[in-house]
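What follows is one structure encoded as C-alpha cells, with my remarks underneath.
The values are calculated or read from the model by the stated rules, or taken from the named source; none is laboratory data. This is a predicted model, so every value here is computed, not measured. In this analysis, Cβ positions are derived from the backbone assuming ideal geometry, glycine residues included, and neighbour counts consider all displayed protein chains.
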C-alpha cells in the first residue's frame with residue numbers, strides 16, 4: 001500500500017466514491033436476456049494501414065509537422081476505430097450532438113515519482129476520459145479525430161500523474177453521463193492467452209461484466225497471429241449493425 005501525499009481518500013469522498021460503494025453486494029444487477037456476445041479481429045496489416053492513413057491526414061492538416069504529436073500506437077488506432085464504429089452503431093439512438101466519450105485505463109507504474117519498487121506486484125492505473133463531438137466522429141475524418149483525442153488524452157493522463165496527481169481525471173469521470181461513454185477494458189499487452197494456472201492455457205477469454213456498460217475488451221489474438229481481439233456485448237439488433245460497421249469502415253481506408 002502506498003500513501004498518496006495529496007490525500008486521495010478525502011478527495012474520493014468529495015466526489016462520492018467511498019469504500020461502501022466499491023464493495024461487492026449480493027443483489028447483483030439482473031442481466032438483460034436480449035444480449036449477445038461476439039468477438040471481432042483486427043489484424044496487424046489493417047492496423048498498420050490505419051496508422052499510415054491517420055498520419056497522412058494529420059500531416060496534410062498541419063504541414064509544419066514531421067510526425068504525429070502523440071504516440072500513434074496500435075492501441076490508440078484500434079481504440080479510435082472501435083469508438084467510431086460504436087458511435088455509428090449507437091449514435092442513431094439519440095439525435096443530439098453531445099460530446100461522446102471514450103474511457104480506458106492508462107498504465108503508469110514506470111512513470112511515478114518516486115518510482116515504485118521493481119518487485120511491486122499490484123495495479124498502477126489511472127483513468128483516461130477523452131471526448132469529441134458526435135458529428136466530428138461521424139465525419140470522413142472521424143477516426144483521425146478519435147485517434148488525436150485518445151493519443152493526446154493518454155499524454156495528459158501520464159503528465160497529470162507525474163505533475164499533479166490524477167484527481168482531475170477521477171472528478172471528470174464521476175461527473176460524465178454514461179449514455180455517451182464507450183469503455184475499453186483490457187489490453188493486448190496483458191497476454192491473457194499465455195496465462196496458465198496448471199491446467200493449460202485458455203482457449204477463449206471473455207469479460208462478462210462489460211454488459212453493464214457500453215464497453216469492449218481488448219486482448220491479444222487467441223490464434224497467435226499479430227493483431228488485436230475485441231470482445232463486444234450488445235443486443236442482437238445493435239450487434240448486427242456493429243458487425244456491419246466494423247467490416248465496412250475498414251474498407252474506406
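Numbers for the structure displayed
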quantity: So residue 231, is it within 27 Å of residue 44 (Cα to Cα) and either at pLDDT below 90 or touching a strand residue (DSSP E or B) at 6+ places or on another chain (Cβ under 8 Å) (or both); calculated: yes
quantity: Those residues of segment 60-99 which are modelled with pLDDT under 90 and in contact with a helix residue (DSSP H, G or I) (Cβ under 6 Å, 6 or more places away or on another chain), in sequence order; calculated: 65, 91, 97, 98
quantity: Tally of residues being surrounded by 14 or more Cβ atoms within 10 Å (Cβ to Cβ) and touching a residue at least 40 places away in the same chain (Cβ under 8 Å) across segment 44-61; calculated: 8
quantity: Filtered residue count, segment 209-222, keeping only those that are in contact with a helix residue (DSSP H, G or I) (Cβ under 9 Å, 6 or more places away or on another chain) and either assigned to a helix (DSSP H, G or I) or under 19 Å from residue 101 (Cβ atoms) (or both); calculated: 6
quantity: Output for segment 117-139, where each listed residue is modelled with pLDDT of 90 or more and either more than 30 Å from residue 249 (Cα to Cα) or assigned to a loop (DSSP other than H, G, I, E, B) (or both); calculated: 138, 139
quantity: Lone qualifier among 243, 225, 194, 206 - being farther than 21 Å from residue 100 by Cα, out of contact with any helix residue (DSSP H, G or I) (no Cβ under 8 Å at 6 or more places or on another chain), touching a residue at least 60 places away in the same chain (Cβ under 8 Å) and surrounded by fewer than 18 Cβ atoms within 10 Å (Cβ to Cβ); calculated: 206
quantity: Selected residue (only one of 168, 160 is at pLDDT below 90, surrounded by fewer than 16 Cβ atoms within 10 Å (Cβ to Cβ) and touching a helix residue (DSSP H, G or I) at 6+ places or on another chain (Cβ under 9 Å)); calculated: 168
quantity: Residue selected from segment 15-31 under the condition under 25 Å from residue 239 (Cα atoms) and exposed (fewer than 10 other Cβ atoms within 10 Å of the Cβ), by the criterion modelled with the lowest pLDDT; calculated: 28
quantity: Test: residue in segment 100-116 that is assigned to a helix (DSSP H, G or I) and in contact (Cβ under 8 Å) with a residue 40 or more places away in the chain; calculated: no
quantity: Flag for residue 147 being at pLDDT 90 or above and either touching a helix residue (DSSP H, G or I) at 6+ places or on another chain (Cβ under 8 Å) or surrounded by fewer than 19 Cβ atoms within 10 Å (Cβ to Cβ) (or both); calculated: yes
quantity: Residues satisfying the stated conditions in segment 62-97, i.e. surrounded by 15 or more Cβ atoms within 10 Å (Cβ to Cβ) and not in a helix (DSSP H, G or I); calculated: 68, 70, 72, 73
